[in-house]
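Heads up: the structure comes next, in structure tokens.
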Amino acid sequence: MYEFPHAANGSRTSTESGRPRGERRLRAAAVGMVATVVMSAGLALPASAAGTADASAARDGHAATRAALESVVQDGVPGGIALAELGNDTWAGRAGTADLTTRRKPRADDRFRIGSITKTFVATVMLQLEEEGRLSLDDTVDHWLPGLVRGNGHDGSKIKIRQLLNHTSGIYSYTGDEDFKRKEFGTDFLKHRYDTWTPRQIVQLAMKHEPVFVPTGDGDKWSYSDTNYVIASMVIQKATGHSYAHEIEQRILRPLHLDSTTVPGTRARVAGPSGRAYSKLTGELAGPGEPNSATYDVTELNPSFAGAAGEMISNNHDLNTCSPSAVAMDCEMEPWIPPLCPHISVPHDSVIFIRPRP
């Protein structure tokens, strides 16, 4: 999964099978990490924190969630926030600090880089385009981007869009490239933090490596690749004539009033309110670092190196609005995993896609 070197990925929870569409339930169980070595929502509230009507939650006062937050801080993350919402009832928890210099406490409305949760929005747009008849999940990459996926065994004429979305393409993940990791996840980041990466540059980097496997028609092999979603964003642009960021904004952010959620492009700053972001810059994706090793402020960065694999910014309230575990007034969630992955067992970080109500 795409975890900035300074962020932990959000957990993705499938909706329960057989649950009627439109059923109202808890609008959130998201935990956002601020001023963190890792980024975004890494914890889910326990079942006992599912709502104010739950007697066990009332008895323990969200003690389990508070303990989880404190344990994250004890493990070295500077701070954390949790926000649960059910109707007009809201519960917020926090631990640690949002800024190691000022010692400001985390706020429930702090914004943060959400890492691979970005992929959920990208896939949602792609599925909407298929529903509109503007593309098919069975289209090949070459159909839309001829010649892009070529080299060292990669062949875009044999890879379908659905294989990008469900990570059965076998395409090498560019975030595994050693030079890339040195520049973006190691201390060289401090010299390259404002560099701009284009999607084509990212794909070309991936093409320097052999695929993890040759994709099959059955889709029986699986390997997470950030390159998949960069390519998906390029398909969206080719199919619509607009950037994937434009399509996300028009199709999801504006209709659902996700006013704290942005697709920053090359903008380096996170608009307030927000905490600081920190990293050990170990040279590995979200590497934990050695005890007592240096901690670096990595708040400002050009997120184009993540692109559609993980560049977006949001806050807990906006993520709760379209939480995979929730159905809200203006937002329905549908489990699209069966049409995407009909033949394989879906790993823990499969995604559920956002569908605004018609």
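A few remarks follow.
- Going through (1) modelled with pLDDT of 95 or more; (2) more than 26 Å from Asn315 (Cα to Cα); (3) surrounded by fewer than 23 Cβ atoms within 10 Å (Cβ to Cβ) one by one, Ile159 falls short only on (3).
- Ile114 meets all of the listed conditions (1) farther than 13 Å from Ser314 by Cβ; (2) open to solvent by less than 50 Å² (accessible area, probe 1.4 Å) but one, namely (1).
- Members of region 147-176 found to be of a type outside the set (Val, Ile, Thr), touching a Lys or Arg at 6+ places or on another chain (Cβ under 9 Å) and not in a helix (DSSP H, G or I), listed by number: Leu148, Gly151, Asn152, Ser169, Gly170, Tyr172
- One residue from Gly170, Gly219 being over 21 Å from the mean Cα position of the chain (by Cα), surrounded by 15 or more Cβ atoms within 10 Å (Cβ to Cβ) and more than 26 Å from Glu300 (Cβ to Cβ): Gly219
- Taken over region 245-282, residues that are small (Gly, Ala, Ser), in contact (Cβ under 8 Å) with a residue 40 or more places away in the chain and buried (at least 18 other Cβ atoms within 10 Å of the Cβ) amount to 5.
- Residue list for region 65-87, filter: under 20 Å from Ser314 (Cα atoms) and touching a Phe, Trp or Tyr at 6+ places or on another chain (Cβ under 9 Å): Val77, Pro78, Ile81, Ala82, Leu83, Ala84, Glu85
- Qualifying residue in region 298-309 (condition: within 18 Å of Asp99 (Cα to Cα) and open to solvent by 60 Å² or more (accessible area, probe 1.4 Å)): no
- Lone qualifier among Thr168, Thr175 - being closer than 29 Å to Thr124 by Cβ, at pLDDT 95 or above and in contact with a Cys (Cβ under 8 Å, 6 or more places away or on another chain): Thr168
- Scanning region 184-216 for residues that are farther than 24 Å from Leu281 by Cβ and surrounded by 15 or more Cβ atoms within 10 Å (Cβ to Cβ) gives Pro199, Val203, Met207, Pro211, Val212, Phe213, Pro215.
- Enumeration of residues in region 277-296 that are touching a Lys or Arg at 6+ places or on another chain (Cβ under 8 Å) and on the phi > 0 side of the Ramachandran plot: Gly283, Gly289
- Residues satisfying the stated conditions in region 146-167, i.e. over 24 Å from the mean Cα position of the chain (by Cα) and in contact (Cβ under 8 Å) with a residue 60 or more places away in the chain: Leu148, Gly153
- Among the residues of region 208-266, the ones that are outside any helix (DSSP H, G or I), touching a strand residue (DSSP E or B) at 6+ places or on another chain (Cβ under 9 Å) and farther than 13 Å from Gln163 by Cα come to 12 in all.
- In region 283-294, the qualifying residues are those that are open to solvent by less than 60 Å² (accessible area, probe 1.4 Å) and over 18 Å from the mean Cα position of the chain (by Cα), and the one that is nearest to Glu178 (Cα to Cα) is Gly283.
- Residue selected from region 118-153 under the condition more than 16 Å from Tyr229 (Cα to Cα) and touching a Gly at 6+ places or on another chain (Cβ under 9 Å), by the criterion surrounded by the fewest Cβ atoms within 10 Å (Cβ to Cβ): Gly147
The values are calculated or read from the model by the stated rules, or taken from the named source; none is laboratory data. What you see is a predicted model; the values in this text were computed from it and never measured. Please note: Cβ atoms are built from the backbone with ideal geometry, for glycine as well, and neighbour counts cover all protein chains shown. Note: accessible area is taken over every heavy atom of the protein model, side chains too, but ligands, DNA and RNA are not part of it. Shrake-Rupley method; radii C 1.70, N 1.55, O 1.52, S 1.80 Å.
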